[in-house]
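Novice: Could you have a look at this structure, given as structure tokens, before my questions?
The values are calculated or read from the model by the stated rules, or taken from the named source; none is laboratory data. Since the model is a prediction, treat every value here as computed from it, not as a measurement. So basically every Cβ, Gly included, is an ideal-geometry build from the backbone, and we count neighbours across all protein chains shown.
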Amino acid sequence: EPEVTQTPSHQVTQMGQEVILRCVPISNHLYFYWYRQILGQKVEFLVSFYNNEISEKSEIFDDQFSVERPDGSNFTLKIRSTKLEDSAMYFCASSDTSSGNTIYFGEGSWLTVV
Amino acid sequence: GENVEQHPSTLSVQEGDSAVIKCTYSDSASNYFPWYKQELGKRPQLIIDIRSNVGEKKDQRIAVTLNKTAKHFSLHITETQPEDSAVYFCAASDGTSYGKLTFGQGTILTVHP
């Protein structure tokens, strides 16, 4: 079964540093998302991306965050200047109308900001 | 925006018993309600979903019911097994904001052998 893949699985970074999290969505999917889950809390929507532009973003997704689809397969989340409170598991996800808009999540990238 | 409330936060059952988790939502435009199972440190995995044009859906030991009038939906797991132990999240989406799922707070289900 096709899967959403993410790298790195775990990253530790110094506060103020830039971080890029990478994702390869399921190949025939056209909608891409990033979600965040702070330890012990619920999953929260960050941003959706379709047709090479942001479709919707939450209030969490401020100017420190950006997304990009640099080529035909990768989808990235960049955090420009990380803060302690950015420590969380970041999940990439994808979906498509052909799959009934079911959203498939990647394994996550655990970000620790120290 | 949408708000999803989930109860209970923890649920402990004996193997073979049934487990029921309930969620309410606030946005009457929501029309897609998935349930995810998340094991520790793993991705949320879709276990069942329901759309607003049906009231109930079943898949082996798992069923979901939806009451649009009352704006609540429930997950039912019958004949629970220890491997059902995990965190379960409900979510809601209005379908127009594709992929913008609003999640509930999660239920930690523990099934004792």
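Novice: Say whether the condition of being among the aliphatic types (A, V, I, L, M), farther than 21 Å from A:Ser95 by Cβ, in contact with a strand residue (DSSP E or B) (Cβ under 8 Å, 6 or more places away or on another chain) and within 12 Å of another protein chain (Cβ to nearest Cβ) is met by at least one residue in region B:82-104.
Specialist: The first filter runs over region B:82-104 and keeps only residues among the aliphatic types (A, V, I, L, M), leaving B:86-87, B:91-92, B:101.
Now drop any that are not farther than 21 Å from A:Ser95 by Cβ, which leaves B:86-87.
Narrowing further to those that are in contact with a strand residue (DSSP E or B) (Cβ under 8 Å, 6 or more places away or on another chain): B:86-87.
In the following step, the residues that additionally are within 12 Å of another protein chain (Cβ to nearest Cβ) were identified as B:87.
Yes, region B:82-104 contains at least one residue that is among the aliphatic types (A, V, I, L, M), farther than 21 Å from A:Ser95 by Cβ, in contact with a strand residue (DSSP E or B) (Cβ under 8 Å, 6 or more places away or on another chain) and within 12 Å of another protein chain (Cβ to nearest Cβ).
Novice: Just checking, does region A:27-48 include any residue being among the β-branched types (Val, Ile, Thr) and within 12 Å of A:Gln6 (Cβ to Cβ)? Before you say what the answer is, go through the steps one by one.
Specialist: Looking only at region A:27-48, we keep the residues that are among the β-branched types (Val, Ile, Thr), and these are A:38, A:43, A:47.
In the following step, the residues that additionally are within 12 Å of A:Gln6 (Cβ to Cβ) were identified as none.
Within region A:27-48, none of the residues are among the β-branched types (Val, Ile, Thr) and within 12 Å of A:Gln6 (Cβ to Cβ).
Novice: Could you please give the count of residues in region B:88-104 that are at pLDDT below 95, in a loop (DSSP other than H, G, I, E, B) and either surrounded by fewer than 21 Cβ atoms within 10 Å (Cβ to Cβ) or under 12 Å from the mean Cα position of the chain (by Cα) (or both)?
Specialist: Residues that pass the stated criteria total 4.
Novice: Of all the residues that make up region A:54-111, how many are away from chain B (no Cβ under 11 Å), more than 16 Å from B:Lys100 (Cβ to Cβ) and part of a loop (DSSP other than H, G, I, E, B)?
Specialist: Matching residues across region A:54-111 total 14.
Novice: Could I ask something else about it? Check whether at least one residue in region A:28-50 is facing chain B (nearest Cβ under 10 Å), part of a strand (DSSP E or B), in contact with a Ser or Thr (Cβ under 6 Å, 6 or more places away or on another chain) and among the charged types (D, E, K, R), and report yes or no.
Specialist: Checked region A:28-50: no residue is facing chain B (nearest Cβ under 10 Å), part of a strand (DSSP E or B), in contact with a Ser or Thr (Cβ under 6 Å, 6 or more places away or on another chain) and among the charged types (D, E, K, R).
Novice: When region A:1-50 is examined, which residues are found to be among the aromatic types (Phe, Trp, Tyr) and buried (at least 22 other Cβ atoms within 10 Å of the Cβ)?
Specialist: A:Phe32, A:Tyr33, A:Trp34, A:Tyr35, A:Phe45, A:Phe49
Novice: Can you go through B:Ile108, B:Ile62 and tell me which one is within 11 Å of chain A (Cβ to nearest Cβ), surrounded by fewer than 19 Cβ atoms within 10 Å (Cβ to Cβ) and among the aliphatic types (A, V, I, L, M)? Don't jump to the end; show me each part of the working.
Specialist: Working: B:Ile62 fails: within 11 Å of chain A (Cβ to nearest Cβ).
Step by step, each of B:Ile108, B:Ile62 is checked, and only B:Ile108 is within 11 Å of chain A (Cβ to nearest Cβ), surrounded by fewer than 19 Cβ atoms within 10 Å (Cβ to Cβ) and among the aliphatic types (A, V, I, L, M).
Novice: From B:Ser18, B:Ser85, B:Ser26, B:Ser74, grab the single residue that is in contact with a Ser or Thr (Cβ under 6 Å, 6 or more places away or on another chain) and exposed (fewer than 15 other Cβ atoms within 10 Å of the Cβ).
Specialist: Working: B:Ser85 fails: exposed (fewer than 15 other Cβ atoms within 10 Å of the Cβ); B:Ser26 fails: in contact with a Ser or Thr (Cβ under 6 Å, 6 or more places away or on another chain); B:Ser74 fails: exposed (fewer than 15 other Cβ atoms within 10 Å of the Cβ).
One residue alone meets the criteria, B:Ser18.
Novice: Kindly indicate the residue of region B:39-50 that is without any contact (Cβ under 8 Å) to a residue 24 or more places away in the chain and charged (D, E, K, R) and also nearest to B:Ala29 (Cα to Cα) among those meeting that condition.
Specialist: Only one residue tops the list, namely B:Asp49.
Novice: Please work out which residue is nearest to the other protein chains (Cβ to nearest Cβ), limiting yourself to region B:11-47 and to residues that are touching a Pro at 6+ places or on another chain (Cβ under 9 Å) and farther than 19 Å from A:Phe91 by Cβ.
Specialist: B:Ile21
Novice: Checking A:Tyr90 against (1) modelled with pLDDT of 90 or more; (2) in contact with a helix residue (DSSP H, G or I) (Cβ under 8 Å, 6 or more places away or on another chain): exactly one of these is not met. Which one?
Specialist: Status for A:Tyr90: all satisfied but (2).
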